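A quick write-up on the structure given underneath.
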Amino acid sequence: MKQYRNFVDGAFVDGTPTFLDVNPVDGSPVAEVHEADAALVDAAVAAARRALEGPWGRTTTAERCRLLRAVADEIEDRAEDLLCAEVADTGKPERIARQLDVARAAANFRTFADVAAAEGTESFLTEFGEGGRAFNYAVRKPLGVVAVIVPWNLPLLLLTWKLAPALACGNTVVVKPSEETPGSATVLAEILVDVGIPPGVVNVVHGFGKGSSGEFLTWHPGIDGITFTGSSATGTAIMAAAAPRVRPVSFELGGKNPALVFADCDLDATVDGLTRSVFANTGQVCLCTERVYVQRPVFDQVAERLTAAARSLRLGRPHDPAVTMGPLISAEHQRKVLRSYALAEKAGATVLTGGGIASVSDELADGFWVEPTLWTGLTNADTVVREEIFGPAAALIPFDDEDEAVALANDSEYGLAASVWTSDISRGHRVAHRMNTGIAWVNTWFLRELRSPFGGMGRSGLGREGGRHSLDFYTETTNVCVAL
Ligand code: NAD
Ligand code: 6OD
């Protein structure tokens, strides 16, 4: 069977024990994964420290940007390997993995090479006393050894979104991919070797969270900062680990994202957009819409059309070009999503479509399939409308006017992303400004500008990454004040 080993100090090394990586499409084994124990995590952190204090620490921004661009080129050359690993681990349709995950991995490296190359520093001429003057300027330095901990839903996209700016800023890194999706990070390590990233600059340790490599890494005294994408609960645990040494954290966490559909919207475009935002990646995108607020005059039409769109989704094997939706990531996640489905019905929801396990075919019976699901009859008081499901499901809730829509949308402990659907551009801006979310899309969803700030409010995260915001997290600044 294929082996996914840890990557420490430029070499692939065994770990114990091993665990099985399974394909969520049919439960078949993909690879044996070597878990990193505390000693191996120590070795990875030590290698990263040596690399930081060695020649890597003296590289120029231009040299690092050249390497980042070479990584992007190599990602494109090895796209098929990355695609195979990603698809086997996640079960997502190949077309989506190619267009989204692999393409974004290359774009992440190119964007942060461009951003780092263009970055200036701020300076101030200070006047003091009787004609005294001083020149202040800020110098950016790497944060140090950075722990990068990522989830399973968009494994390569989310890893490279953090790895690229960390490297652009001259840091060294220990990556902990999700236990569910160790494949693409392992292939990426091979790419880094081929491109000439020096040993120790990037290390990959496999394993789980609590009691395993994830927890070992976040508590490790040799880590200077932690960047994390994952659930809000894990974010809380990581914050506690970072607290004793007051290390910086950057968190992209869960969401319970609203869509606000106004009666003046372009209905065809809106239903297309909602279909993507509710069901993309089987609803396993932190930005996915799980609450759809619809203005009363178009409520029935939107409900009817979205239900038809959900029913037309094709579930099946990733390589089938007709397939538009894959399975959930794991049996455990399938159980969690099905509990939400049951909870919705218990709360009195009307099930417009779905609501259970999807039966795709006999040969895929052991996969982790669920039906795309839509409900009406729920309110913001119901748990399924308050807590993240992270599956292909949403509640449709009517509203009468703009103020009510804004109040319903903002009535959440999360604050990641909202989408507003309207033909009135003034309303679009106005409502977007009132969203308590890190991102507000108008008449679109998941349209990304990688230089713009990305992150969430409340339980959805801490800090912003993207463009120079990433540089702010992955560097420390020293202000130099020179009396003239
Ligand atoms: P998770 O929090 O369970 O795991 C994420 C990563 O953290 C994994 O690598 C895991 O092994 C590790 N981990 C778990 N417990 C840990 C601990 N105590 N210490 C250190 N590491 C630990 O999340 P998941 O189930 O993999 O991903 C789904 C969640 O991620 C959803 O809530 C989703 O909304 C969120 N997410 C958010 C964003 C965003 O940009 N805001 C993006 C993707 C996913
Ligand atoms: O697009 C991105 O940069 C990003 N971080 C997306 C996160 C998606 C969550 O699942």
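The values are calculated or read from the model by the stated rules, or taken from the named source; none is laboratory data. Just so it is clear, the model here is predicted, and its values are computed rather than measured. Please note: Cβ atoms are built from the backbone with ideal geometry, for glycine as well, and neighbour counts cover all protein chains shown. Areas reflect the complete protein model, heavy atoms only, side chains present, ligands, DNA and RNA absent. Shrake-Rupley method; radii C 1.70, N 1.55, O 1.52, S 1.80 Å.
Relative to the Cα centre, the charge distribution of the stretch 167-251, modelled as +1 at Lys and Arg Cβ and -1 at Asp and Glu Cβ, gives a dipole magnitude of about 320 debye.
Tally up the carbon and sulfur contribution to the accessible surface of the stretch 257-449 as a whole percent, 1.4 Å probe, everything protein left in place. Intermediate values should be presented prior to the final figure.
Numbers: 3750 of 7790 Å².
Carbon and sulfur: 48 percent of the exposed surface of the stretch 257-449.
Please report the carbon-and-sulfur percent of the accessible area for the stretch 121-213; probe 1.4 Å, protein heavy atoms only, DNA, RNA and ligands left out.
Values: 1560 of 2890 Å².
Ligands and nucleic acids excluded, carbon and sulfur reach 54 percent.
Each of Phe299, Val285, Phe368 was placed along the dipole of the stretch 257-449 (beta-carbon charges, centred on the mean Cα), and the one lying farthest toward the positive end is Phe368. Of all DSSP beta bridges confined to the chain, the antiparallel ones make up roughly 45%.
Here Lys336 is the anchor, and the lysines within straight C-alpha reach of less than 23 Å, apart from those fewer than 8 places off in the same chain, are Lys92, Lys210, Lys256, Lys346. Helix 267-279 and the longest principal axis of the Cα set of the chain meet at an angle near 60°. Between Glu76 and Arg335, the simple spin-label model (points 7 angstrom out along Cα→Cβ) gives 4.5 nm. Using only the Cα atoms of the stretch 18-105, construct the convex hull and provide its projected area averaged over every direction, in square nanometres to one decimal. Taking a quarter of the hull surface, the average projection is 7.6 nm².
Only Cα pairs under 8 Å and 6+ residues apart enter the sum, and on that basis the relative contact order of the chain stands at 19 percent.
Under the convention that each Lys and Arg Cβ holds +1 and each Asp and Glu Cβ holds -1, the size of the dipole of the chain around its Cα centre is about 820 debye. Length gained on full extension, Tyr137 to Glu304: 54.2 nm, using 0.36 nm per residue less the C-alpha separation. The residues packed around Lys141, meaning those with a beta-carbon under 14 Å from its beta-carbon, carry a net charge of -2 if Lys and Arg are +1 and Asp and Glu are -1.
Each Lys and Arg Cβ is given +1 and each Asp and Glu Cβ -1; about its Cα centre, the stretch 257-449 then shows a dipole of about 300 debye. Rg/Rh, computed from the Cα trace of the chain with Rh as the Kirkwood radius, has the value 1.00.
Diagonalise the Cα gyration tensor of the stretch 257-449 and give the resulting equivalent ellipsoid semi-axes, square root of 5 times each eigenvalue, largest first, whole Å. Write down the numbers at each step before the final one.
Working: eigenvalues 148, 60, 46 Å².
Over the Cα atoms of the stretch 257-449, the ellipsoid semi-axes are 27, 17, 15 Å.
If you count only protein heavy atoms with a 1.4 Å probe, what accessible area per residue comes out for the chain, rounded to a whole Å²?
Working: 19000 Å² over 484 residues.
Here the per-residue accessible area is 39 Å².
Give the Kirkwood hydrodynamic radius (Å, one decimal) of the stretch 357-445, defined as one over the mean of 1/r across all pairs of different Cα atoms. If you can, show how the numbers build up before the last one.
Details: mean 1/r = 0.0658 Å⁻¹.
Evaluated over the stretch 357-445, this radius sits at 15.2 Å.
In terms of the mean number of neighbouring beta-carbon atoms within 10 Å, the peptides 356-364, 389-397, 138-146 order highest first as 389-397, 138-146, 356-364.
Placing unit charges on the Cβ atoms of the charged side chains and taking the dipole of the stretch 257-449 about its Cα centre, the candidate lying farthest along the positive direction among Ala409, Gly348, Pro392 is Pro392.
Kindly express, to the nearest 10 degrees and within the range 0 to 90, the angle between helix 61-77's C-alpha long axis and the longest C-alpha principal axis of the chain. For helix 61-77, the angle is close to 40 degrees. Residues whose amide H lies under 5 Å from that of Val175, counting only those 5 or more places away or on a different chain, are Val148, Asn203, Val204, Val205; hydrogens are built 1.01 Å from N in the peptide plane.
Along the axis of the charge dipole computed for the chain (Cβ charges of +1 for Lys and Arg, -1 for Asp and Glu, origin at the Cα centre), the listed residues Gly214, Phe262, Val102 are led at the positive end by Gly214.
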